[in-house]
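Novice: Below is the structure I would like to discuss, written out as structure tokens.
The values are calculated or read from the model by the stated rules, or taken from the named source; none is laboratory data. Just so we're clear, the structure is a prediction, and the values are computed from it rather than from any experiment. We place every Cβ from the backbone using ideal geometry, glycine too, and count neighbours over all the protein chains shown.
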Amino acid sequence: MLAFAKKRCYSILTIKKHIMKDLQKTIGTLVPVSAIFSSEDQKGDRGTFASGLIFLDWLKKNHQSAWQILPLYQTQLEPGSATKHIPSPYKGYGIGLDPKYLPSAFMNDHPTKDEMDKFTKTHSEWIGDYALFCALRDHFGTDDWREWGKDLMNRDAKALRKWTDQLKEELNDHILMQWRLHKSYNRLRAKAKKLGIALIGDLPFFITLFSPLVWAHQEVFQLDKDGHMQYVSGVLNSSTASFGRQLWGHPLYNWDLHRGEVLAFWKIRLQYLATLFDTVRFDHAKAFFEYGAMDIRNDKYDSYKKGPGPEAFKELISFCKRIGLLVFAEDSGNKIEELRRFLKIIKVPGIKILRFALKKDDDTINEKYANIANYPENCVAYTTTHDTETLLGYLHELTSEQKQKLATAAGVTYDAGEKVLAINLRNAVLASPAHMVIIPIQDWLLITDRINIPGTELPVNDPNWNFRLQAPIEELSIKS
């Protein structure tokens, strides 16, 4: 189960006369739902699950069989705002679907009693806490639950009963919204299954502090009695860090004191993701072995901490197998040797990203990413990711000598024309031994618009995660 099964799917390259006979692999596209729109969209439906239905047709037309969707959760509020959410899906609530994805056609739907009973039973582990959290957030004008008063912060039973009764109507509205969202998403998933298209989700390793999951499971995290953090998630600055020091700001898990509770918490998240996706990418999987503990006051106290280790990771992978959820792991970056050895033992696919084949600042070639012909079969291959430049944008930043060096290392024909070279590199990744290849939408279209620049996040008006396509789905064509 853990290794990707071979799947007969002809790539778009056959249509474009790049003959790759009887290719045994899954080829797909990475693009956020929020970035797409259709000429058939109703007013206000841009970037909703309605647009996603049309995008599935585009994938099928282009002989693809996978869509990697980034996290679909609602995100935390901007500091000081009662209504504006930050754009990064990796600062999301970690459960539920974001109301911005609801198509207009579902806005007035109402469930029967049986339908609602079935929905709340299926999602009983989180829907009640989620709905109360959102109702309290709207009432107090903040999702910082530490500001709701001590009784609510500590989840005093009497206070929870009082506020559940006082905000009953608002709470039910949030449950109804989630029912509508899941009904709409289920239509998308049913169409994907009918077309033979796998939906790939993302499992962020960390969750934002201002989340219903953190509020409901405070013992799982390294928080003091007032809900404050001394150390948060991130990446230490070093010569091998791809993007320098990054202060992500998530609370750290309390692996040492509450290992069993943390694993149970992860299983709640995985069980939910199994209702949405066929496959999930474990983001930042190296944190099972080692993770950054960033001091929020003074970076000289930043350090790496030992993670829960291979047994914890293996338990979660076994759980995924039992619930029918395929997984692969992000194993890029530095300090990943132990993770890669373990993935090989348990036969869980890692990833290969062509973008990391050559370092721009010192011309160093990384053979693990550059030697495309030697990518392992049991891996997921990418040209670039949502955190890097696009393929064309990357080539723009290289000198002529660097591009020639990259082409040689990748085993492709060098061309002074950057778009031609980008296509040659993309084709090589598609032709690699990898059983799954995911191409970001920008690399199909040969555009330079980025989704995210790690380490540049702003607390207010963050320009990251605002990528939007400039043409409707029906006008998108793969450049070759």
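Novice: Which of the residues belonging to the range 104-119 are out of contact with any helix residue (DSSP H, G or I) (no Cβ under 6 Å at 6 or more places or on another chain) and in a helix (DSSP H, G or I)? Step through it out loud before you land on a result.
Specialist: The initial filter retains those residues of the range 104-119 that are out of contact with any helix residue (DSSP H, G or I) (no Cβ under 6 Å at 6 or more places or on another chain), namely 104-105, 107-108, 110, 112-118.
Passing the criteria: Ser104, Ala105, Lys113, Asp114, Glu115, Met116, Asp117, Lys118.
Novice: Run Gln470 past the list (1) among the polar types (S, T, N, Q); (2) buried (at least 20 other Cβ atoms within 10 Å of the Cβ); (3) in a loop (DSSP other than H, G, I, E, B) and report the number of the one that doesn't hold.
Specialist: Of (1) among the polar types (S, T, N, Q); (2) buried (at least 20 other Cβ atoms within 10 Å of the Cβ); (3) in a loop (DSSP other than H, G, I, E, B), only one is false for Gln470: (2).
The rows are residues; the columns are (1) crowded, with 20+ Cβ neighbours inside 10 Å; (2) over 21 Å from Ala264 (Cβ atoms); (3) not aliphatic (A, V, I, L, M).
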| residue | (1), (2), (3) |
| --- | --- |
| Gly92 | yes, no, yes |
| Asn108 | no, yes, yes |
| Glu115 | no, yes, yes |
| Leu132 | yes, no, no |
| Asp138 | no, yes, yes |
| Thr142 | no, yes, yes |
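Novice: With respect to the numbered conditions (1) out of contact with any Phe, Trp or Tyr (no Cβ under 7 Å at 6 or more places or on another chain); (2) crowded, with 20+ Cβ neighbours inside 10 Å, which one is the sole condition not fulfilled by Phe206?
Specialist: Failed condition: (1).
Novice: So is Pro440 surrounded by fewer than 17 Cβ atoms within 10 Å (Cβ to Cβ) and either more than 15 Å from Arg355 (Cα to Cα) or within 27 Å of the chain's Cα centre (by Cα) (or both) or not?
Specialist: Values: surrounded by fewer than 17 Cβ atoms within 10 Å (Cβ to Cβ): no; either more than 15 Å from Arg355 (Cα to Cα) or within 27 Å of the chain's Cα centre (by Cα) (or both): yes.
No.
Novice: Restricting attention to the range 150-203, and to residues there that are touching a Phe, Trp or Tyr at 6+ places or on another chain (Cβ under 9 Å) and outside any helix (DSSP H, G or I), which single residue is surrounded by the fewest Cβ atoms within 10 Å (Cβ to Cβ)?
Specialist: Among residues in the range 150-203 that are touching a Phe, Trp or Tyr at 6+ places or on another chain (Cβ under 9 Å) and outside any helix (DSSP H, G or I), the one surrounded by the fewest Cβ atoms within 10 Å (Cβ to Cβ) is Arg155.
Novice: Another question, then. Among the numbered criteria (1) over 30 Å from Pro32 (Cβ atoms); (2) modelled with pLDDT of 95 or more, which single criterion is violated by Asp302?
Specialist: With respect to (1) over 30 Å from Pro32 (Cβ atoms); (2) modelled with pLDDT of 95 or more, Asp302 is out only on (2).
Novice: Could you check the range 272-301 and list, in sequence order, the residues that are closer than 25 Å to Ala381 by Cα, in a strand (DSSP E or B) and more than 14 Å from the chain's Cα centre (by Cα)?
Specialist: Glu290, Tyr291
Novice: Could you list, in sequence order, the residues of the range 84-103 that are in contact (Cβ under 8 Å) with a residue 40 or more places away in the chain, not basic (Lys, Arg) and not in a loop (DSSP other than H, G, I, E, B)?
Specialist: Matches in the range 84-103: Pro89, Tyr90, Gly92, Pro99, Tyr101.
Novice: Within the range 317-332, restricting attention to residues that are farther than 26 Å from Phe356 by Cβ and either of a type in the set (Lys, Arg) or part of a helix (DSSP H, G or I) (or both), which residue is nearest to the chain's Cα centre (by Cα)?
Specialist: Here is the first cut: in the range 317-332, the ones farther than 26 Å from Phe356 by Cβ are 318-325.
Add one more test, that the residue is either of a type in the set (Lys, Arg) or part of a helix (DSSP H, G or I) (or both), and what stays is 318-322.
Working: Ser318: 21, Phe319: 20, Cys320: 17, Lys321: 20, Arg322: 22 Å.
Top of the filtered list is Cys320.
Novice: Could you list, ordered by first residue, the pairs with Cβ atoms under 6 Å in which the first is in the range 127-149 and among the hydroxyl-bearing types (Ser, Thr, Tyr) and the second is in a helix (DSSP H, G or I), at least 6 apart or interchain?
Specialist: Taking only residues 6 or more apart or on different chains, the pairs are Tyr130/Pro212.
Novice: Given the criteria polar (S, T, N, Q) and closer than 24 Å to Glu78 by Cα, does Asn424 qualify?
Specialist: Working: polar (S, T, N, Q): yes; closer than 24 Å to Glu78 by Cα: no.
No, not satisfied.
Novice: Sticking with this one: Can Thr385 be described as out of contact with any Lys or Arg (no Cβ under 6 Å at 6 or more places or on another chain), modelled with pLDDT of 95 or more and among the hydroxyl-bearing types (Ser, Thr, Tyr)?
Specialist: yes
Novice: Could you please give the count of residues in the range 59-78 that are buried (at least 21 other Cβ atoms within 10 Å of the Cβ) and assigned to a helix (DSSP H, G or I)?
Specialist: Count: 1.
Novice: Can you confirm whether Asp331 is among the charged types (D, E, K, R) and either in contact (Cβ under 8 Å) with a residue 60 or more places away in the chain or at positive phi (or both)?
Specialist: Values: among the charged types (D, E, K, R): yes; either in contact (Cβ under 8 Å) with a residue 60 or more places away in the chain or at positive phi (or both): no.
No; evaluated as a whole, the condition is false for this residue.
Novice: Among (1) assigned to a loop (DSSP other than H, G, I, E, B); (2) in contact with a His (Cβ under 9 Å, 6 or more places away or on another chain); (3) over 25 Å from Asn466 (Cα atoms), which single condition is Glu389 missing?
Specialist: (3) is the only condition that Glu389 fails.
Novice: Now for a separate question. Please determine whether any residue of the range 235-250 is farther than 21 Å from Asn334 by Cβ and crowded, with 20+ Cβ neighbours inside 10 Å.
Specialist: Step one: filter the range 235-250 for residues farther than 21 Å from Asn334 by Cβ, giving none.
Looking through the range 235-250, none of the residues is farther than 21 Å from Asn334 by Cβ and crowded, with 20+ Cβ neighbours inside 10 Å.
Novice: When the residues of the range 428-452 are narrowed to those that are assigned to a loop (DSSP other than H, G, I, E, B) and without any contact (Cβ under 8 Å) to a residue 60 or more places away in the chain, which ends up farthest from Tyr90 (Cα to Cα)?
Specialist: Here is the first cut: in the range 428-452, the ones assigned to a loop (DSSP other than H, G, I, E, B) are 431-435, 446-452.
Cutting the leftovers down to without any contact (Cβ under 8 Å) to a residue 60 or more places away in the chain gives us 446-449.
Values: Leu446: 26, Ile447: 24, Thr448: 22, Asp449: 19 Å.
The selected residue is Leu446.
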